[in-house]
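Since every read-out is calculated from the coordinates, none of them should be taken as a lab result. In this text the structure is predicted, and so the values were computed from the model without any measurement. All Cβ positions, glycine included, derive from the backbone under ideal geometry; neighbour counts span all protein chains shown.
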Amino acid sequence: MPLRYAMCNEAFKGRPFDEVCKILREHGYAGIEIAPFTLAGDPLDVTPTERREYREIMAGEGIEFVGLHWILVSPMPIHVSTPDTGLRESSWQYVRNLVDLCADLAGNGPDNGVMVFGSPKQRSSTGGLTAEEATRNFVAGLAGVAPHAAERGVTILMEALPRSQSDVVNTIAEAAAIVKEIGSPGLRTMFDCHNTEDETEPHDELIEKYYDLIRHVHVNEMDGRHPGTGDYDFVRIFRALERLNYHRWVSLEAFDFEIGGERIASETIEYLKKQEELANG
């Protein structure tokens, strides 16, 4: 079964949303993954009418809504593991409101997309807390918002980040343990090539080991550039996904936009499809 490719939209740097959807469709992508800050200075200011209009644009271009990522870029202070109880509670309320945005952009069906919870600056230890204390605050917050996500048909994805980015949840094993501890259908984990810096097992084996809890895949080079600009072994992980009959999204998330979003989109999908052919050959 062919992989389903999507792309994160912030690479297009302010180009109109309908134009981005059209570009993605023309280059062979089936989905769009949205960074909420690209929709409005404060994503929660996006009105119900505007949410419907975004749905209509995606439907009109034949592009599916995948979900949200870069979720805590906001004009207001946000930190989900801080010892400051007031700030922590308001931050988790913000996450809860983003769940509603995600569901509304999806159209309020049974499966209303994913929310990738990376946000290293907003989850790392602060205010004198140890990494373990910050992690417990983080877990408590996830446990509090996961039932609402499940109710709205949204899946929050606990993304492992390497120690170079955060001291809270650094490996897929740690993320999987949190998912199991909370035990909510509104919380799962994911695989991101760029964030595997601290992993010690081969990446295809990691995918197989935690496949039951993986709901999403981000592709990029280890340095954050788009696939094909480095030497990451995509064939190996594509073979694992094929063996496991993976049918969810493979989403391009690049961090270097210098050459422009359209060129990144074009070069990446051409490269990934060749890697997919090699994996299936």
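In the P(r) worked out for region 198-238, what percent of Cα pairs fall beyond 14 Å? Tail of the P(r) past 14 Å holds 54 percent of the pairs.
Mind checking the log10 I(q)/I(0) for region 29-183 at q = 0.09, 0.11, 0.14, 0.19 Å⁻¹? Debye, one equal scatterer per Cα, no solvent, two decimals. Results for region 29-183 at q = 0.09, 0.11, 0.14, 0.19 Å⁻¹ read -0.28, -0.42, -0.68, -1.18. The P(r) of the chain has a tail past 30 Å containing 26 percent of all C-alpha pairs. Radius of gyration (Cα atoms) of region 20-121, expressed as a multiple of 2.2 N^0.38 Å: 1.14. Dividing the summed helix terms, -39500 (n - 2.57) for each DSSP H run of n ≥ 4, by the number of residues in the chain produces a 222 nm estimate of -14000 deg cm²/dmol to the nearest 500. Net charge in the neighbourhood of Ala140 (other residues with Cβ under 15 Å of its Cβ; Lys, Arg +1, Asp, Glu -1) is -1.
For Met7, the residues 5 or more places off, or on other chains, whose built amide H falls under 5 Å of its own are Gly31, Ile32, Glu33, Leu252. Size descriptors for region 128-214, from the alpha-carbon set: Rg then Dmax equal 12.9, 37 Å.
Amide H contacts for Val116 (H built 1.01 Å from N in the peptide plane; partners 5 or more residues away or on another chain; cut-off under 5 Å): Leu68, His69, Leu157. Entry note, the chain: relative contact order of 18 percent, from Cα contacts under 8 Å with a spacing of 6+ residues. Scoring 48-60, 9-21, 165-177 by mean Cβ neighbours within 10 Å over their residues and listing the highest first yields 165-177, 9-21, 48-60. Express in % the proportion of alpha carbon pairs of region 1-60 at distances exceeding 12 Å. Result: 69 percent of Cα pairs exceed 12 Å. Applying the Karplus relation 6.51 cos²θ - 1.76 cosθ + 1.60 with θ = phi - 60° to region 219-235 yields 3J(HN,Hα) values of 10, 5, 7, 4, 8, x, 6, 6, x, x, 9, x, 10, 4, 8, 6, 4 Hz, where x marks Gly and Pro. Note that region 113-174 shows a convex hull volume over its alpha carbon atoms of 84 Å³ per residue. Its convex hull of Cα atoms gives region 157-281 a direction-averaged projected area, equal to a quarter of the hull surface, of 7.9 nm². Enter the Cα centre distance for the pair region 1-76 and region 208-281, rounded to the nearest angstrom. First find each Cα centre; the distance between them is then 19 Å.
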